[in-house]
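Reading through the structure tokens given below for one structure.
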Amino acid sequence: MAFQFEPAVILETLPMLVRGLWYTVYLTVGGLFFGFLLGVTTGLMKLARRVAISCIASGYIELIRGTPMLVQAMFLYYGLPMAVGMRIPPLLAGIIVIAINSGAYIAEIVRGAIQSIDPGQTEAGRSIGLTRAQTMRYIIWPQALRRMIPPLGNQFIISLKDTSLLMVIGVGELLRTGQEIVAVTFRAFEVYIAVALVYLAMTISISKVLRMVESRLASPGRSKQ
Amino acid sequence: MIQIRNIYKKFGELEVLKGISLHIKAGEVVCIIGPSGSGKSTVLRCINRLETPTSGTVIVDGYDIMDPRTDINAVRTEAGMVFQQFNLFPHMTALENVTLGPIKVRGMKPDEASHLGYDLLTKVGLAAKAQNYPDQLSGGQKQRVAIARSLALQPKVMLFDEPTSALDPELVGEVLDVMKKLAIEGMTMVVVTHEMGFAREVADRVIFIDGGQIQEQAPPHEFFAQPKHPRLRDFLSKVVGQG
């Protein structure tokens, strides 16, 4: 039987993907929310003067960046319960994996952005009597945040796409939903095109939103001139 | 006001300061000159502990800044610093640059601080630029805002680290004029500079640093008319030859 492309199937599939789409959104938003907090914390820890603190941060970053996310997910969902005797619900496990994984990359983004700010800014802050913490809060952080936006956008898109790996721990996210539809309809060609289109729509939205944030935060002097 | 006693500073193997002692009285204007790499900026930066001397003592307005019990943030508010590269905060308006210190360090109310900020910007001739961001200002204007920012803490001493070296030549005058005004008002000032005209006209004392040591110090008329040290004579002939 010759293959026949049926574009209509793509359109018919889209509404069926909505439930999976929501899971992907939960995973991405939840994972990145906690990943951002974790990334900022560990990024700042890596810059700490105390060697012990920066070592903890480095250890975490190296461990997570150096192992595949798929392995981390399998370990957390299948491996860890063997030791502690309790399985985490799949959605929660997925959010945790995205959080610790994106957190490691975001930590490096945060550290890089802070270190890219001219040391003269810190000196100027300290010379008017601000403490280290005040200098970070009022002078370094606002400038660093602007520089973080483009690489953060990149990371958000990567994490969104990485949620598809979480089908292996049984989260009914977008790709898994697509796979279930294929199992019934056997229209793999059209269904996976539909799945890809939904991912594309989401990643393009992220880029758009971040570009808006970026222009909002842009150095006021430069944009008004 | 400032007493520097026998300070040494090493960066790794490199010894930048080799026993500098310097006393600066209240109201005195001291200019420090010398070739680049001579350690003159380092001396200045040791006064508010942006650099910590390897040994020796620095006492600013009665505070021993090497003493760990000294609140260094408090000392820094007594010694305003003006940098070669201005180091204005680019994400804040000129006014916000000036008021940040008073609000966060002195706990001043925002409207009170902005009053003070306008007064200081008026003093440096930039009241009209209060709402502008640093990127919208010329180099000379940025440096004048930076001076206002330091003055906002009502320091007892002002430290200037080559304040006009990064400026286009036609903008140097406006910054020097502000500094002269401060000197006339009786501000204690330590100025690392290459502006010999300024040193000659405004300084009470000129100091020549070379190789991490004070080689010569004298009132300007004597300093420029009868330089004793051969290296100073050499330095002056080169600098004056250019100017």
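If you take just the helices (runs of 4 or more DSSP H) that sit entirely in segment A:1-102, which of them hold at least 2 residues that are open to solvent by less than 30 Å² (accessible area, probe 1.4 Å)?
Ranges flagged: A:7-16, A:18-46, A:51-65, A:69-74.
What are the residue pairs meeting all of these: first residue in segment B:64-90, first residue more than 22 Å from B:MET179 (Cα to Cα) and facing chain A (nearest Cβ under 9 Å), second residue hydroxyl-bearing (Ser, Thr, Tyr) and part of a loop (DSSP other than H, G, I, E, B), Cβ atoms under 9 Å, and 6 or more apart or on different chains?
B:ASN73/A:THR131; B:PRO90/A:SER219; B:PRO90/B:TYR133
Pull up segment A:113-132, narrow it to residues that are outside any helix (DSSP H, G or I) and more than 9 Å from every other protein chain (Cβ to nearest Cβ), then point me to the one that is nearest to A:ALA99 (Cα to Cα). So that I can check it myself, show each step before the final result.
Step one: list which residues in segment A:113-132 are outside any helix (DSSP H, G or I), which gives A:116-118, A:128-131.
Now restrict to residues that are more than 9 Å from every other protein chain (Cβ to nearest Cβ): A:116-117.
Values: A:SER116: 25, A:ILE117: 27 Å.
Top of the filtered list is A:SER116.
Looking at A:THR135, is it in contact with a helix residue (DSSP H, G or I) (Cβ under 8 Å, 6 or more places away or on another chain), among the β-branched types (Val, Ile, Thr), open to solvent by 20 Å² or more (accessible area, probe 1.4 Å) and at the interface with chain B (Cβ under 10 Å from one of its Cβ atoms)?
So A:THR135 fails the test.
Of A:ARG146, A:ARG176, which residue is within 14 Å of another protein chain (Cβ to nearest Cβ), open to solvent by 50 Å² or more (accessible area, probe 1.4 Å) and part of a helix (DSSP H, G or I)?
A:ARG146
Suppose the filter is away from chain A (no Cβ under 13 Å), closer than 30 Å to B:SER38 by Cα, open to solvent by 30 Å² or more (accessible area, probe 1.4 Å) and assigned to a helix (DSSP H, G or I); does B:GLU112 pass it?
no
Name the residue, out of B:ALA199, B:ALA148, B:ALA183, that is in contact with a Cys (Cβ under 8 Å, 6 or more places away or on another chain) and part of a helix (DSSP H, G or I).
B:ALA199
Could you tell me which of the residues A:LEU152, A:LEU166, A:LEU160, A:LEU200 is open to solvent by 40 Å² or more (accessible area, probe 1.4 Å) and under 30 Å from A:LEU37 (Cβ atoms)?
Just a single option satisfies the conditions, and that option is A:LEU200.
Tally time: how many residues in segment B:1-52 are more than 23 Å from B:HIS221 (Cβ to Cβ), part of a loop (DSSP other than H, G, I, E, B), open to solvent by 10 Å² or more (accessible area, probe 1.4 Å) and away from every other protein chain (no Cβ under 14 Å)?
Matching residues across segment B:1-52 total 5.
Quick check: is even one residue across segment B:214-228 in a helix (DSSP H, G or I) and touching a Ser or Thr at 6+ places or on another chain (Cβ under 8 Å)?
no
Going through B:GLY117, B:GLY107, B:GLY125, B:GLY140 one at a time, which residue ends up being closer than 24 Å to B:THR188 by Cα, among the small types (Gly, Ala, Ser) and open to solvent by 10 Å² or more (accessible area, probe 1.4 Å)? Working first, answer last.
Working: B:GLY117 fails: open to solvent by 10 Å² or more (accessible area, probe 1.4 Å); B:GLY107 fails: closer than 24 Å to B:THR188 by Cα; B:GLY140 fails: open to solvent by 10 Å² or more (accessible area, probe 1.4 Å).
Criteria check complete, one pass: B:GLY125.
The values are calculated or read from the model by the stated rules, or taken from the named source; none is laboratory data. Note that the coordinates shown come from a computational prediction; the quantities given were computed from them, not determined experimentally. Methodologically, a virtual Cβ is constructed for each residue, glycine included, from the backbone with ideal geometry; neighbour enumeration extends over all protein chains shown. Remember, those area values only see protein heavy atoms, side chains included, never the ligands or the DNA or RNA. Shrake-Rupley method; radii C 1.70, N 1.55, O 1.52, S 1.80 Å.
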